[in-house]
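Following: one structure in structure tokens, then a few remarks.
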Amino acid sequence: MNKEIVLKSRPVGKPTSANFEVKDIPDPIVQDGELLLRAKIFSVDPYMRGRMSDAKSYVAPYELNKAIAGGAIAEVIKSRDARFVVGDHVLGMFPWQASFTANASSCTKVDGSAAPLGYYLGILGMPGLTAYFGLLDIGNPQKGETVVVSGAAGAVGMVVGQIAKIKGCRVVGIVGDRVKASYLKAEMGFDEVVCYKDSPNLSAEIAAACPNGVDVYFDNVGGEISDLVLEQISKGARIVICGQIALYNSVEKPTGPRVQVGLLKNSALMKGFIVSDYSDRFPEGVSALVQWIKEGKLSYAQTVEKGFEKLPEALISLFDGKNTGKLLVEV
Ligand code: NAP
């Protein structure tokens, strides 16, 4: 018997396990042009929270009582397409099902001997490309500048910080706990890391870590943390709006300081983006990331949960900061 995890109800506020349901389903039957796949690794990502709501966004909402779907790696069990053979690993947007079929044209073959399979969902996949294009294209970091990144120990944030170091910047991270802070300084070359959960005066700590102000702010979290960083921007600052995870569970319309005066006075740029804006340049991003990994300039961390039924819990845990680096669920 096969199984799947469906969206049972739409969350109000932070999702709970009651919003999901595990169901028994029949085994899939493969047709011409399709692959029969067994799930190996699922990616859980903050944007999935948006899809659990029915608000209009850049991706369609999940349908109630249908399988959740997201980035995943699967193994080919049967192939009815000449481009794939049994045992190949493929990357795609797949349903939360233990086994399933997919149109072969929607699958990308990945090589587990060239990189750990999880990397195709992390540093060499959507989060790594998000860091690469958001930082370099919008942030445009220059040697000697100060780059601040929030959500710094996450799948996107740790890549942002390391690329900024490669570009010769002073890098300041903002994270939720001291273990993550120590890790980023010891293993990833961050110059300073501020811990927002136990800071007695976060504004003063950010100011102390950025004596020349903030030239680039890569915003993964939004909310009050970002309000405080924006108070410290320097002339000509670039603010990259990548994510707003602090607001994804808000039930009320978020309010905050009016930022326009600060942007005006500092001739600053604030720009949001979605990684798919850069889809025609993905090969460039992947080859730069691969090259930096080979040169030992870029490293990565993964937090791996085990077991298909752990998927909902893992997704929810993103909002508690349980992960360091890319959060994956291995089946
Ligand atoms: P991630 O950082 O690996 O995981 C989420 C992290 O966010 C948690 O580990 C937690 O770390 C932090 N967090 C959770 N709730 C928070 C809160 N209320 N305030 C501050 N920090 C909080 O996730 P990711 O995949 O790298 O994504 C990071 C951000 O980028 C997300 O906002 C995501 O939506 C966005 N994103 C955007 C794009 C795009 O195309 N624009 C693409 C990918 C991701 P702490 O322990 O530090 O709190």
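The values are calculated or read from the model by the stated rules, or taken from the named source; none is laboratory data. On a predicted model such as this, the values are computed, not experimentally measured, just so you know. FYI the Cβ positions are ideal-geometry reconstructions off the backbone, even for glycines, and counts take in every protein chain you see.
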Legend entry - Meets criteria (among the hydrophobic types (A, V, I, L, M, F, W, C), farther than 30 Å from Asn220 by Cα and modelled with pLDDT of 95 or more) for Ile77: yes
Inset, instruction - Determine which member of the set Ser267, Ser226 is free of Cβ contacts under 8 Å to residues at least 60 places away in the same chain, assigned by TED's automatic domain parsing to the domain that holds Val149 and among the hydroxyl-bearing types (Ser, Thr, Tyr). - result: Ser267
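Matching residues to (1) among the acidic types (Asp, Glu); (2) in a strand (DSSP E or B); (3) closer than 20 Å to Pro141 by Cα:
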| site | (1), (2), (3) |
| --- | --- |
| Val172 | no, yes, yes |
| Glu187 | yes, no, no |
| Phe190 | no, no, yes |
| Phe218 | no, yes, yes |
Inset, instruction - Answer yes or no as to whether Leu117 is touching a residue at least 24 places away in the same chain (Cβ under 8 Å), over 18 Å from the mean Cα position of the chain (by Cα) and either within 30 Å of Ala268 (Cβ to Cβ) or not assigned by TED's automatic domain parsing to the domain that holds Asp215 (or both). - result: no
Inset, instruction - Pairs only if they're at least six apart or on different chains, beta carbon under 6 angstrom, first in segment 306-322 and under 21 Å from Asn2 (Cα atoms), second away from the ligand (no atom under 15 Å from the Cβ) and not in a helix (DSSP H, G or I); list them, first residue then second. - result: Lys306/Glu330; Phe308/Ala98; Phe308/Val331; Glu309/Val22; Leu311/Ile5; Leu311/Trp96; Pro312/Phe20
Legend entry - Candidates Ser57, Ser43 - the one that is free of Cβ contacts under 8 Å to residues at least 12 places away in the same chain and either within 13 Å of the ligand (Cβ to nearest atom) or within 18 Å of Leu121 (Cβ to Cβ) (or both): Ser57
Inset, instruction - Considering each residue of segment 204-216, count those that are surrounded by fewer than 15 Cβ atoms within 10 Å (Cβ to Cβ) and outside any loop (DSSP other than H, G, I, E, B), and give that number. - result: 2
Inset, instruction - Mind listing whichever residues of segment 41-66 are part of a strand (DSSP E or B) and surrounded by fewer than 19 Cβ atoms within 10 Å (Cβ to Cβ)? - result: none
Legend entry - Residues of segment 129-187 classified as under 14 Å from the mean Cα position of the chain (by Cα) and surrounded by fewer than 19 Cβ atoms within 10 Å (Cβ to Cβ), total: 0
Legend entry - In segment 229-266, the residues that are small (Gly, Ala, Ser) and either within 21 Å of Cys210 (Cα to Cα) or out of contact with any Pro (no Cβ under 8 Å at 6 or more places or on another chain) (or both): Ser234, Gly236, Ala237, Ala246, Ser250, Gly256, Gly262
Inset, instruction - Would you mind telling me which numbered condition in (1) within 18 Å of Leu311 (Cβ to Cβ); (2) surrounded by 14 or more Cβ atoms within 10 Å (Cβ to Cβ); (3) free of Cβ contacts under 8 Å to residues at least 24 places away in the same chain Leu37 fails? - result: (3)
